[in-house]
Amino acid sequence: MTALAAADTSRRRDSVIVLAAATLTAALTGPGQTIGVSVFIDDLVTDLDLSRSEVSTAYLIGTLGGALLLPSVGRFIDRRGVRISQIVVGIAFVAALLNMSTVSGFVTLAIGFVGIRLLGQGSLSLVSMITVSLRFVQNRGIALGIFSTVSAGLMALVPLALAVTIDQVGWRDAWIVAALVIALTVVPLALLA
């Protein structure tokens, strides 16, 4: 094998590793996505003594608040790069998930939703997609197609995992377990970006 062929093989292997890491990271945004939050709704209504309408309003506030802040995250990624951004966003997402275990009413729930929607659903998804887009110049469409399909499939498992966790440890501790999973996977995976 020539040196050029060996370098090409190594570059392809590295690209596949980056694609796999970005895809897993995107799937792990699940606790900040509607699909993940949905399994907590009944417990939030019951334990916080809120109506479904109040929980939905808090979620709307969280989603809009997170969306309004997302352009600043894009600027941060442009300035700092995907690796540093994923580390910072990952750590902040862990903090936001831990915060969700402490919510006590409408205001703290809305603030909590801003955190997980901004950092999980928005920022971590953005970092993952940009990572793939930057890594793949040729075959970018194929890479993003694989990224989207596999991350969506994996994310479909998040509600099941969270529901099982809630059944085992309760909803507050389930947020803590989710934070630990993010801390032990998303932050280290940034080193592959």
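Dividing the C-alpha radius of gyration of segment 112-172 by 2.2 N^0.38 Å, with N its residue count, gives 1.43. The relative contact order of segment 50-193 comes to 37 percent, based on Cα pairs under 8 Å that sit 6 or more residues apart.
Among the listed options (i) 1.04; (ii) 1.07; (iii) 0.99, the one matching Rg/Rh (Cα atoms, Kirkwood Rh) as calculated from these coordinates is (i). Under the classification rounded if a/c is under 1.5, otherwise prolate if a/b is larger than b/c and oblate if not, where does segment 40-104 fall, given a ≥ b ≥ c as square roots of the Cα gyration tensor eigenvalues? Here segment 40-104 falls in the oblate category. Normalised per residue, the accessible area of segment 77-189 is 48 Å², obtained with a 1.4 Å probe and no contribution from ligands, DNA or RNA.
Rounded to the nearest 10 square angstrom, LEU68 shows an accessible area of 140 square angstrom against a 1.4 Å probe.
Put the Cα centre of segment 101-131 next to the Cα centre of segment 72-95 and the gap is 13 Å.
The accessible area of SER51, taken with all protein chains in place and a 1.4 Å probe, comes to roughly 50 Å². Shape verdict for segment 1-70, please, from the Cα gyration tensor: rounded (a/c under 1.5), prolate (a/b greater than b/c) or oblate. Prolate shape, in that a/c is at least 1.5 and a/b is the bigger ratio. Apolar share of the accessible surface for the chain: 68 percent from carbon plus sulfur atoms, 1.4 Å probe.
The values are calculated or read from the model by the stated rules, or taken from the named source; none is laboratory data. Everything numeric here is computed off the predicted structure, so don't read it as measured data. What goes into the accessible areas is simple: the full protein's heavy atoms, side chains included, and nothing from ligands, DNA or RNA. Shrake-Rupley method; radii C 1.70, N 1.55, O 1.52, S 1.80 Å.
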